[in-house]
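**Student:** Below are the structure tokens for one structure; questions will follow.
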Amino acid sequence: MKVKLTVIILPLFLAALAVLRPAPIAETETGNLEVIALDPGQDLNTLRLNFPLDPLLADGLKVYFLVERKYLEAIRESGYVFTIETGRFEKQKEKSLRLKADGAGGLNGAYHSYRELAAELRSLAASYPVLARLYVPGRSLENRNIYALKISDNPALREDEPGIALLGGHHAREWISVEVPLLIGRYLLENYHRDNRVRDLVNSAEIWIVPLVNPDGLEYSILNYRLWRKNRRLNQDGSYGVDLNRNYSYQWAYDDIGSSSKPSSAVFRGTGPFSEPETEGIRKLFHNHRMSAAISYHSFSQLILYPWGYLDQPTEDEALLRSLAEDMAGLISRVNGRVYQTGRAASSLYLTNGDFADWAYGFFRIPVFTIELPPVDLLRGGFLNSESDIEPIFQENLPAALYLIERVVASYTSSGARAVPFFRRELEKKRESMVKDRPGAAFKGKESR
Ligand code: 0X9
Ligand code: CA
Ligand code: ZN
């Protein structure tokens, strides 16, 4: 199935932006980048095979990529037609000299910086000690915590309950993807006592809220360069960043279309599977706590994607994954009327290898979805989501997340072998021996048995 990207560009806003001069980008590693827009009728897969391009978005009319300036001539000579749109992407450096990331009305407005997120998670864990416990399954390169808020009854104990992980913030610039899992977590806690459904779900599952997989990248995006995507690894060649959503072990480096071996590429896969401490933290979390389902929030395009991403082939569980995705999309559209298209990840605009979803499904055989949240509100706040997007995007995603948790709980409690979520245990075992993954290191978190 072909998934169409459905971002809607508002012509008015484009006209307003057209008068803005391209902002000079001072940072060494971003100074040589341009944003180009191409007609999607052209062979973009071949283009991406030949040049390191960073896909930014598609709006149904054009596909936008970040690319190093030195490639522009060669791309043109290969027969591709594009326009340069760099001026539309304002840099925040100048503002950041005056404003800090933290605090209301700062550079990131209502969105959470790392520090704000840490404070919020600590406060939730402190306010709901009976229902929530904060874990740190890993630390980033710059030594920030990767937080995992566990929400369940008896949260300090491992109980025989299915785990559901809601992840966000793999990509630095996708700020809304941090807010949605955080707000879902807060909603569960705040409504536990007044909503029977929420109470039942929280009592019968272990819900892991991991809103920010890439804290270093987020801070860089807030303070330096709004469109930063990767983590902040200083690579061999002097460039920065590994794409954390290409650094997972399942089919890592399967080909050079779905990820890049070139460090300066926006989809650089790293020097090896789990070479980055951030993905290693997620790996640990999943190896030390049995997960039965996961959603990885990204932005944007309004899509619900399921594996595979590395190859345009169905998984053995595609029918079930598809029906879950369709059910979730139906629940989402009922809230604000926004349509999220569903489909196999690889059938969408491009292939990926080493992404979280392929790994979590490939290794654990659980239902895993990548949800690409809605596009920017172009009339408010520029290219990226406005502050007023946070609440409606959370609201529309809440029923879908609750539904997935509910389905997982129902399947878990009705199966004889309780560890089996949706898919067969035998396959999971077989897969474990097939997949090259590092053996689980001892968990250094605080959880007691
Ligand atoms: O490229 C990614 O990692 C995800 N898109 S994003 O624009 N948020 O960076 C997509 C991951 C899902 N996999 C595939 N589409 N194959
Ligand atoms: Ca529990
Ligand atoms: Zn993303």
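Just so you know, all these numbers are worked out from the coordinates, no wet-lab data involved. The model shown is predicted, which means the values in this text are computed figures rather than measured ones. Please note: Cβ atoms are built from the backbone with ideal geometry, for glycine as well, and neighbour counts cover all protein chains shown.
**Student:** For the stretch 241-284, just say rounded, prolate or oblate: build the C-alpha gyration tensor, square-root its eigenvalues into a ≥ b ≥ c, call rounded for a/c under 1.5, and beyond that prolate if a/b exceeds b/c, oblate if not.
**Tutor:** oblate
**Student:** Can you tell me how the stretch 114-448 classifies by the Cα gyration tensor, rounded, prolate or oblate, using a/c under 1.5 as the rounded cut?
**Tutor:** rounded
**Student:** Loop-only GluC sites (Glu not before Pro) in the stretch 301-349, please: DSSP not H, G, I, E or B, and at most 11 other Cβ atoms within 10 Å.
**Tutor:** GLU316
**Student:** When you count, for each residue, the other Cβ atoms within 10 Å and take the mean per peptide, how do 365-374, 237-246 rank with the highest first?
**Tutor:** In decreasing order of mean packing, 365-374, 237-246 become 365-374, 237-246.
**Student:** Sticking with this one: For LEU72 and THR271, what does the FRET efficiency come to when R0 = 35 Å and r is the distance between their Cβ atoms, rounded to the nearest 0.05?
**Tutor:** 0.80
**Student:** Let me ask something else about it. With every atom except the alpha carbons ignored, what do you get for Rg and Dmax of the stretch 146-234, in angstroms?
**Tutor:** When restricted to the Cα atoms of the stretch 146-234, Rg and Dmax are 15.3, 49 Å.
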